[in-house]
Amino acid sequence: MSSQDAPIQGSPPVTPPPASAGSPRSPLSPDSLQPPACRHRDRSPSPMRGYLIPSPLPTRRNRTCSATARASQGPVFTGVCKCFSRSKGHGFITPSDGGKDIFVHISDIEGEYVPVEGDEVSYKVCSIPPKYEKVQAVEVTITHLKPGTKHETWAGHIISS
């Protein structure tokens, strides 16, 4: 005889406590089979829900220490801000020596002003994954504000230059 076949001596059989007829767990209650009544919220789902993936572009926050060190030791380049969108968080710089436009992330802008089209900037470059063939501008500082344009500070104040 195995230990599974032998009853445990001295212990009474275990039965669940009786439920009252009004409790939601009671099988006698008609409400026990209904889902809980909750307020229905009208939400239009985002068209991008389910499609959002993490950005492959390294920001100042998630760039590796070695990439930051290589960029800070590199030469300083100059260029002109082609476009910059504060709401999107990025823009492009046209290099002074020609060539392809260079991507700039909002976290790499230094100084108190948001760059606008036509501002002269100085920057260093850092290669970006996955193949490290393209570069992005880092340590971007505005050297000359474009005359006759309104500039916004990061705090939101508008200044005419």
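The values are calculated or read from the model by the stated rules, or taken from the named source; none is laboratory data. Everything numeric here is computed off the predicted structure, so don't read it as measured data. Methodologically, a virtual Cβ is constructed for each residue, glycine included, from the backbone with ideal geometry; neighbour enumeration extends over all protein chains shown. These accessible areas exclude ligands, DNA and RNA; they are computed on the full protein's heavy atoms, side chains included. Shrake-Rupley method; radii C 1.70, N 1.55, O 1.52, S 1.80 Å.
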Checklist entry - Counting only protein chains, not ligands or nucleic acids, how are ARG86, ARG70 ordered by accessible area (probe 1.4 Å), most first? => result ARG70, ARG86
Checklist outcome for this item: Ordered by number, the GluC sites (Glu not before Pro) in segment 89-161 that occupy a DSSP loop and have at most 10 other Cβ atoms within 10 Å are GLU133
Next on the checklist: If each residue of separation counts as 0.36 nm, what is the full-extension length gain between ASP97 and GLU133 once their alpha-carbon separation is subtracted?
Outcome noted: 11.1 nm
Checklist outcome for this item: Calc'd 3J(HN,Hα), segment 91-98, phi into Karplus 6.51 cos²θ - 1.76 cosθ + 1.60 (θ = phi - 60°), Hz, glycine/Pro = x, comes to x, 9, 10, 8, x, 5, 8, x
Item to check | For TYR132, solvent-accessible area (1.4 Å; no DNA, RNA or ligand), Å² | outcome: 130 Å²
Next on the checklist: Rolling a 1.4 angstrom probe over the protein chains, ignoring ligands and nucleic acids, what is the accessible area of LYS146 in square angstrom, nearest 10?
Outcome noted: 80 Å²
Checklist entry - Can you run phi through the Karplus equation (6.51, -1.76, 1.60; θ = phi - 60°) for segment 119-136 and list ³J(HN,Hα) in whole Hz, with x for Gly and Pro? => result 5, 7, 10, 10, 7, 10, 10, 9, 6, 10, x, x, 9, 6, 8, 9, 10, 10
Checklist entry - Using a 1.4 Å probe, what is the accessible area per residue for segment 97-143, in Å²? => result 52 Å²
Item to check | Label-point separation, ALA155 to LYS82 (7 Å along Cα→Cβ), nm | outcome: 3.3 nm
